[in-house]
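The values are calculated or read from the model by the stated rules, or taken from the named source; none is laboratory data. These numbers were taken from a predicted model, which means no experiment stands behind them. Neighbour counts run over all protein chains shown; Cβ positions are idealised from the backbone, glycine included. The area values use the complete protein model at the heavy-atom level, side chains included, leaving out ligands, DNA and RNA. Shrake-Rupley method; radii C 1.70, N 1.55, O 1.52, S 1.80 Å.
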Amino acid sequence: MPGGSVRHHRTPTSRGARLTWSPEVEHVFREEHGRVLAALARRYRDLDLAEDALQDALVTAGERWAAEGIPDNPAAWLTTTARHKAIDRLRRENSYQRKLAVLQPLSDEEGADEVALQRLDAPVGDDRLSLLFMCCHPALDRDAQVALTLRSLGGLTTAEIARAFLVAEPTMGQRISRAKAKIQRAGIPFRVPPRAQLAERLGAVLEVLYLIYNEGYSASSGDAAVRVELTLEAKRLARIVMDLIPNAPETTGLVALMLFHDSRRNTRLDATGAAVPLEEQDRRRWDTSLIAEADKLLEEAARLFRPGPYQLQAAIAGVHATAPSFAATDWARIVVLYDRLAELRPTPVVALNRAVAVAMRDGPETGLALIDEIADSLAGYRVLPAARADLLRRAGRNVEAKHAYREALELTRNDPERRYLQRRLAEVTIAAP
Amino acid sequence: MKYALLIYSEPWSGAPPSPEEAEANMAPWYEYTNAMQEAGVMLAGEALADIGTATSVRLRGDEVTTTDGPFAETKEVLTGFYLLDVDTLDDAIAWAAKCPAAVSGTIELRPLVELD
């Protein structure tokens, strides 16, 4: 998006603040936000203007729809209204250069008929994709990519995003503002990258989406509603990417991975809110239709013969999902998959997960030996002591397990995990007081 | 959009190159500069003489202080620059990646401020 002129500060709206709207209206806003914003961003080549105009339109919509009901085509209503708001804003502004760039084509259309204008505004298939790639551009750092994606495509408020990542709201607001300013001033383009860069840029998009999904899934913040929103949003965007960019097996792999995780959603917490380990989850309550869909997607991806980390992680989740019980799990196969994953992603975290799988295949002592080798590189990672504690417990080394569970408890960030670890600590303490 | 392409690399520390070596060193740069010119994107481009030739000047109050050396002693130093006019940041990034210094140094891209 070119346009390096010095920006004049626009009248700020309470960015992303939610007034009291009915749940139905709120739902429509959330649904349509990404699509409408993307079309506006394409039109004006200015994410700030697009967002301000949309925000103005949402305020008007909130008032009008409360009185008149939700229109048949809310996206069109919002887009048309936002267009008028954009013109209003630009007229109030001082920047002559920008007005020239944006208003000229607009004034040409003021005579055009409504149908033609609607067609102009109708979201092009790749508008949301363009917006997504723009938000995930490598010239923005990862935190900014995540926040901007949630704000622009997910329609989450700044407050919601701040809560999700345990950051103060003004800090998050600044992060998002700076990112948008960088886009504008550094000329980050609004488009799906050309073929030569597509694979690399798609990798970054998938990482951002998986980060968002994991944040929602891992329940590290206290706000349950926001967490669910994150996983839904990540899945939704991943599906859009999958549908619009074919022949990208890693995208399919990521969607499959998310679906496998989702399929166990109902069994992850017990009645008291403690985390339930895989071994104890009631497999009859796993969602078989999600598992079937994930399996099918994995198969589709496999036909392209381009394995990758998300496909492998999905395959591992798939082995668990289709095992009739923890005991009957094909751990040998899981270890083989981890071997391949370690080749592509030779990280300590992968090595740790592999060590646990080896322990299930060969016995806890082998796993513990592997973990000892990589322990230094995982200092401070809360899963390390938890994994060690589990294997020590299985090996009957209860005193050491006790210490490891205590260590894990110091590092844990969420309540369900804490309760689970406390239960285990109690068990091993009874066994070895 | 106009960008400065600022080239940071470690200064040459060995014995001065022979004429043949010097020519071989410069060949990729000639190619690179030609490519930019032919693509019609280059506004300017210069190599900077080595750090030993640098002089730093500061005015504090009334006093001008002149010192020998660059503004900061760093491992990688500014060794040259180009000014480009391209459509998007991605185009500038593509040019930066082709710069002969990119393989061992860092290319910083900064948009030029266009004053109204």
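Quick notes on this structure:
- Taken residue by residue and averaged, Cβ atoms of other chains lying within 10 Å of the Cβ of A:147-157 number 0.
- Inter-chain shielding of A:193-203 (mean C-beta neighbours from other protein chains, 10 Å cut-off): 1
- When chain B is treated as a Gaussian network with alpha carbon springs shorter than 10 Å, the biggest mean-square fluctuation among B:35, B:54, B:15 belongs to B:15.
- Average partner coverage of A:261-272, which counts Cβ from other chains inside 10 Å: 0
- The dipole here belongs to region A:295-363: it is taken about the Cα centre, uses +1 on the Cβ of Lys and Arg and -1 on the Cβ of Asp and Glu, and is about 120 debye.
- For residue A:326, solvent-accessible area (1.4 Å; no DNA, RNA or ligand), Å²: 30 Å²
- Residue B:51 paired with residue B:73, simple spin-label distance in nm, labels 7 Å along Cα-to-beta-carbon: 0.9 nm
- Think of each Lys and Arg Cβ as +1 and each Asp and Glu Cβ as -1; about the Cα centre, that makes the dipole of chain A roughly 760 debye.
- Between amide H atoms placed 1.01 Å from N, distances below 5 Å from residue B:112 occur with B:2, B:3, B:4, all of them 5 or more places distant or on a separate chain.
- Rg/Rh for region A:194-306 stands at 1.02; both radii use Cα atoms, and Rh follows the Kirkwood definition.
- For residue B:30, the accessible surface of its heavy atoms amounts to roughly 140 Å² (probe 1.4 Å, protein chains only, rounded to the nearest 10).
- Partner lysines for residue A:296 [C-alpha distance under 18 Å; skip if fewer than 8 residues away on the same chain]: A:235
- 5 angstrom amide H check on residue B:45, placed H, neighbours 5+ away: B:83
- By accessible area with a 1.4 Å probe, ligands and nucleic acids excluded, highest first: order of B:38, A:407: B:38, A:407
- Summed buried accessible surface, chains A and B, 1.4 Å probe, nearest 100 Å²: 1100 Å²
- With q set to 0.20 Å⁻¹, the log10 of I(q)/I(0) for region A:125-190, from the Debye formula over equal scatterers at the Cα positions, is -0.73.
- For region A:324-341, backbone phi angles converted through the Karplus equation (6.51, -1.76, 1.60; θ = phi - 60°) give residue-by-residue couplings of x, 7, 4, 4, 8, 5, 7, 5, 4, 5, 4, 4, 4, 5, 5, 4, 5, 5 Hz, Gly and Pro being listed as x.
- With 0.36 nm allotted per residue and the present C-alpha distance subtracted, the residue A:372-residue A:328 stretch has 13.1 nm of extension available.
- Nonpolar atom fraction for chain A, defined as the carbon and sulfur part of the 1.4 Å probe accessible area, stands at 53 percent.
- Local net charge near residue A:371, Cβ-Cβ under 12 Å (Lys/Arg +1, Asp/Glu -1): -3
- For residue B:80, nonlocal amide neighbours, meaning residues 5 or more places apart or on other chains whose placed amide H falls under 5 Å from its own, are B:7, B:48.
- Accessible area ranking (1.4 Å probe, heavy atoms, ligands and nucleic acids excluded), largest first, for A:212, A:430: A:430, A:212.
- Rg over Rh, two decimals, region A:168-254 (C-alpha only, Kirkwood Rh): 1.02
- Debye intensity ratio in log₁₀ form over the Cα atoms of region B:3-116, taken at each q of 0.18, 0.19, 0.20 Å⁻¹: -1.02, -1.09, -1.15
- The angle between the Cα long axis of helix A:383-394 and the longest principal axis of the Cα atoms of chain A comes to about 30 degrees, rounded to the nearest 10.
- Contact order relative to length of chain A, as percent, for alpha carbon pairs under 8 angstrom and 6 or more apart: 12 percent
- Among the residues of region B:77-110, those with an accessible-area drop of 40 Å² or more from chain alone to full protein complex, heavy atoms and 1.4 Å probe, are B:88, B:89, B:90.
- Couplings 3J(HN,Hα) of region A:236-243, computed from phi: 4, 5, 4, 5, 4, 4, 4, 6 Hz, in residue order, whole Hz [Karplus 6.51 cos²θ - 1.76 cosθ + 1.60, θ = phi - 60°; x for Gly and Pro].
- Gyration tensor over the Cα atoms of region A:333-384: the corresponding equivalent ellipsoid has semi-axes (square roots of 5 times the eigenvalues, largest first) of 16, 15, 8 Å.
- Between 0 and 90°, nearest 10: helix A:398-411 axis offset from chain A longest Cα axis: 10 degrees
- Taken one residue at a time, the phi angles of region A:177-187 give Karplus couplings (6.51, -1.76, 1.60, θ = phi - 60°) of 4, 4, 5, 5, 5, 4, 4, 5, 7, 8, x Hz. Gly and Pro are set to x.
- Region B:1-55-region A:179-256 distance, computed between alpha-carbon centres (Å): 39 Å
- Acute angle (nearest 10 degrees) that the helix A:288-302 long axis makes with the longest principal axis of chain A, alpha-carbon atoms: 80 degrees
- Cα-Cα P(r), chain A, percent of pairs per 10 Å interval: 4, 18, 27, 23, 15, 9, 3, 1, 0
- Taking all Cα pairs closer than 8 Å and separated by 6 or more residues, the relative contact order of chain B comes to 50 percent.
- Taken per residue, the accessible surface of chain A reaches 46 Å², heavy atoms only and a 1.4 Å probe.
- Evaluated at q = 0.09 Å⁻¹, a Debye calculation over the C-alpha positions of region A:287-433 (equal weights, vacuum) places log10 I(q)/I(0) at -0.33.
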